1. Which of the trypsin sites (Lys or Arg not before Pro) found in region 41-115 are in a DSSP loop and have at most 13 neighbouring Cβ atoms, other than their own, within 10 Å?
2. Once the Cβ-Cβ distance between Asn38 and Asn65 is put in as r, and R0 is 35 Å, what FRET efficiency do you end up with, to the nearest 0.05?
3. Of (i) 39, 12, 11; (ii) 54, 23, 12; (iii) 80, 11, 8, which one was derived for semi-axes √(5λ) of the Cα gyration tensor in Å from the structure shown?
4. Over 20 Å between Cα atoms: which of Lys13/Lys120; Lys49/Lys89; Lys52/Lys83 fall into that group?
5. At 222 nm, what value in deg cm²/dmol follows for the chain if DSSP H runs of at least 4 each add -39500 (n - 2.57) and the sum is divided by all its residues, to the nearest 500?
6. How high is the FRET efficiency from Arg101 to Gln121, r the C-beta distance, R0 35 Å, rounded to 0.05?
7. Return the distance in nm (one decimal) between the two label points of a simple spin-label model at Asp137 and Asp90, each offset 7 Å from Cα along Cα→Cβ.
8. Per residue, how large is the accessible surface of region 13-153? Use a 1.4 angstrom probe and give square angstrom.
Amino acid sequence: MQERISRFNRILKIREDYRRDEQAVLASERNEERLVLNQLDVLANEKAKAIKDFSRTGEKVLSSNELWFQRQFISAIDSDISKSNDSLKDVRTRIAGTEARLVERHKDVKIMETYIDHLKQNDFQENLLLEQNELDDVATMQYSRIRLTNRRN
């Protein structure tokens, strides 16, 4: 029984390692999500500043080229924001998949822990039963010896 318990303990360790790996992947993806969100904040601030600068152009006399370049700058920021939003969707999709895998890994670990606890409980009960049987045998032998000596006397 001890061999069986140690074999399942090794399997449990492997499953715990898989769970730790998934947790590391999830932490990495969460970090990547934070970076993308920070990038989106920076881009949103840049866009707000660019729009503010563009709206002030009415105060100055600018050439059509300068207006076109300012508008292109705003369009480039919009394009970067769009790419960042796509990247954020991708990261969040990967996070959802990793979370689902992590839940499965956690279930596997819990199932294995429960099974090992059950095996240990059974082993403990078997050992108690064997010990009780040995004590019963010793008591029976002692009783038989006492009875034999009482018959002889």
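1. Working: sites: Lys47, Lys49, Lys52, Arg56, Lys60, Arg71, Lys83, Lys89, Arg92, Arg94, Arg101, Arg105, Lys107, Lys110; in loops: Lys60.
Of the trypsin sites (Lys or Arg not before Pro), the ones in loops of region 41-115 whose Cβ has at most 13 other Cβ atoms within 10 Å are Lys60.
2. Numbers: r = 33 Å, r/R0 = 0.95.
Computed FRET efficiency for Asn38 and Asn65: 0.55.
3. (iii)
4. Lys49/Lys89; Lys52/Lys83
5. Rounded to the nearest 500, it is -35500 deg cm²/dmol.
6. Calculated transfer efficiency: 0.70.
7. In this crude label model, Asp137 to Asp90 measures out at 7.0 nm.
8. About 76 Å² of surface per residue is accessible.
The values are calculated or read from the model by the stated rules, or taken from the named source; none is laboratory data. A quick note: this is a predicted structure, and the numbers were derived from the prediction, not measured. Using ideal geometry, Cβ is built from the backbone for each residue, glycine included, and neighbour counts are taken over all protein chains shown. In case anyone asks, the SASA skips ligands and DNA or RNA and just uses the protein heavy atoms, side chains included. Shrake-Rupley method; radii C 1.70, N 1.55, O 1.52, S 1.80 Å.
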